[in-house]
Amino acid sequence: MTNQYSDWDLVRVPGDETARMLVLKTSAAATIRNQALMQAMETIRRRIDALGVAEPTIAEYGQEGDFELVVQLPGVDDPTRVRDIMQSTALLEFKLVQDGPYSSREAALAQHGGVLPPDTELVPGSESGNEVWYVLNRVAAITGRDLTGAEPSHDSSGRPNVDFTLNRDGAERFGRVTGANIGKLLAVVLDNRIFTAPVIHGQITDRGVIEGGNFTPQSANDLALVLRSGALPASIKTLSDETVGPSLGADSIRHGVLASIVGLVAVMGFMLVYYRGAGVNADVALALNLLILVAAMGYIGATLTLPGIAGVILTVGMGVDSNVLIFERIREELRLGKAVGAAVAAGFEQAFRTIIDTHVTTVVSAAILFAFGTGPIKGFAVTLTIGLLANLFTSVFVSRVIFDYGLTHREKGAALSI
């Protein structure tokens, strides 16, 4: 008995010396709140990831014991919709309807002499824009915890609805309930409000459909999203909501762009001075590398944040490094007395193994960052991976094509400008 109630204290009831009550210990209550906070963070992260928001930041905020979260979402076009999806508790229950609908709570109670039947409850809903009340079984046939999946769909008339699937235990219970109550109403209760109350036309086991409720394609998609991500352990209240535009950091943006341009020009200038004609080759490959990177990020809808910019800068460095490896190897082959064509071929062949090794190890590191990192770290990993793949293409293939083109148009006996 002591072990079973180890998280509770037995205290006297004020005003009654003989009565006792159990009070949850402060430490146990704090543990429950912390667990709820962690579960809420994970649920919100799953919902935001499903929306396709790039590089979200979800973290605890304030002092210990405040139980507050800060959510930063770059590049969001409809913050109201995202906020509604995050705050939706998404407690889904399927309950048999005992009686109703009634036009008001008072009318429902009056129909039963002011006292509801045992193990029932009154739950509100809406019908044709008006509030109605139903008398439902207090115990749900199944809940959202029994769901294994939910997807937006449409019926034979093209109206949006939501398909759902159940786990084995939920399918068995739902099959028994629906099979024994064909012809009755089954209320779909979402966050303690009836979403729809369709008639049970036949036994339902592992698959079902939530229809009605004046679905729109977006609302059906949003409901499926919150059902897939699971119910929040507690309700969430917005304390503050701020939208930060790019004008706030305009000065930082200008300096960042200026620094990037100066750095890029300096690198390209160094390649031209140090490697002469071959430097043009390197600069073309570098420019194409950046073009591919920007195009790929635009295609997947990635948001370029500070960690992403760091990935771009590192990509530029890797691109220059690859060209330096190739050019220095070609110089070494020329010093050994090989012909220009043979030196170029040997330089690319010998440097290829080193380039592959460095790129593969870096991509593996980026994959680990993406698998275990949070939003900004994942953004850095994605940018770096795309840049490395583009660099592998430009430094090995594009640069080689440019060299081969120059060799075919070179005068016989002329030295290679490198």
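Laboratory data are not the source of any read-out in this text; all were calculated from the coordinates shown. These figures come from a predicted structure and were not determined experimentally. Quick reminder, even Gly has a Cβ in these numbers, built from the backbone with ideal geometry, and neighbours come from all protein chains shown.
Worth a mention:
- Per-residue packing, averaged as other Cβ atoms within 10 Å, sorts the ranges 25-37, 145-157, 396-408 into the order 396-408, 145-157, 25-37, beginning with the highest.
- Within the stretch 92-229: Cβ-based charge dipole about Cα centre, in debye rounded to nearest 20 (Lys, Arg +1; Asp, Glu -1): 220 debye
- Contour minus Cα-Cα distance for F270 and T205 (0.36 nm per residue): 16.4 nm
- Nearest-20 debye value, the chain charge dipole, Cβ charges on Lys, Arg, Asp, Glu: 1180 debye
- The three principal axes of the Cα atoms in the chain give end-to-end lengths of 109, 60, 45 Å, sorted in falling order.
- Shape category assigned to the stretch 248-408 from the gyration tensor of Cα positions, a/c cut at 1.5: prolate
- Acute angle (nearest 10 degrees) that the helix 306-335 long axis makes with the longest principal axis of the chain, alpha-carbon atoms: 30 degrees
- When the chain is described by a simple charge dipole with +1 on each Lys and Arg Cβ and -1 on each Asp and Glu Cβ, the residue from N221, A197, A285 located farthest towards its positive end is A285.
- Helix-only mean residue ellipticity at 222 nm for the chain, each DSSP H run of n ≥ 4 adding -39500 (n - 2.57), per residue, nearest 500: -17000 deg cm²/dmol
- Fraction in percent of alpha-carbon pairs per bin - 5 Å, the stretch 92-229: 2, 10, 19, 22, 21, 15, 7, 4, 1
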